[in-house]
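Read the structure below first, then the notes.
The values are calculated or read from the model by the stated rules, or taken from the named source; none is laboratory data. This is a predicted model, so every value here is computed, not measured. We place every Cβ from the backbone using ideal geometry, glycine too, and count neighbours over all the protein chains shown.
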């Protein structure tokens, strides 16, 4: 007999499955989420293939009589975009937090919890609109199942609750930038052409695409030194192309540096050495 997808519901997907249940079925325990921090307050940058595991910490206060066993019930932190009732996208934690009791009363238990959010660009993020500021929420989900069909009857009941606006988290597309200085070797005083490309993660296409009309900085580091200095600003053109010219003065390394935007992370090219004769 098909098991009504209960296996998934009892795993980390429990919370998301429960939150999809109509409000009329929702059970609302008295939970309080506080001091929620996602990725230590830093922006989350995601590429096209690699999963990004993000640390989460929070305080949870629950009724002392409520058991959360992470088998038939779960509670934790989620990110959501849009409204709490009908999110455009949502990402829940791994539903296996490490919690330490910090305070108790006759009616409540307070715990300090740590967990992780896993952002998989092939699953969690699927459009450009996901590169934005997300809201942070808390959730509770429970499931009661009777899968003994010996009496020709099975049942599956969900309960769910969610709490919104507990904070924010910035998700950005990862960027890449390349550089190539030529010709090499080059005579002192001659013109060097420094080309490259600025691209960023396209989650819909699953690849990096050119990022146009963006400011980058060309930098130079002389051979035998450790610090780069700014040379000039360059704007990416069609396909994210970068191109400018400079005069050859000494041996050293050229690189392009992209500072990032509100939707896209920063990127720095590896220095390309130019031999000046």
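Of the residues screened, residue 196 is not one that is farther than 30 Å from residue 72 by Cα, part of a strand (DSSP E or B), without any contact (Cβ under 8 Å) to a residue 24 or more places away in the chain and touching a strand residue (DSSP E or B) at 6+ places or on another chain (Cβ under 8 Å).
For region 138-148, the set of residues classified as at pLDDT 90 or above and farther than 22 Å from residue 90 by Cβ is empty. Considering region 95-115, the residues that are crowded, with 16+ Cβ neighbours inside 10 Å and under 19 Å from the mean Cα position of the chain (by Cα) include one that is nearest to residue 162 (Cα to Cα), namely 95.
From the list 174, 160, the lone residue that is buried (at least 16 other Cβ atoms within 10 Å of the Cβ) and within 21 Å of the chain's Cα centre (by Cα) is 174. Tell me yes or no: at least one residue of region 167-183 is on the phi < 0 side of the Ramachandran plot and free of Cβ contacts under 8 Å to residues at least 12 places away in the same chain. Looking for residues that are on the phi < 0 side of the Ramachandran plot and free of Cβ contacts under 8 Å to residues at least 12 places away in the same chain, one finds at least one in region 167-183, hence yes. Among the strands (runs of 3 or more DSSP E) confined to region 1-100, the ones with at least 3 residues that are modelled with pLDDT of 90 or more and under 12 Å from residue 142 (Cβ atoms) are located at 73-82. Looking across 103, 160, 112, one residue alone is touching a strand residue (DSSP E or B) at 6+ places or on another chain (Cβ under 8 Å), assigned by TED's automatic domain parsing to the domain that holds residue 56 and at pLDDT below 90. It is 160.
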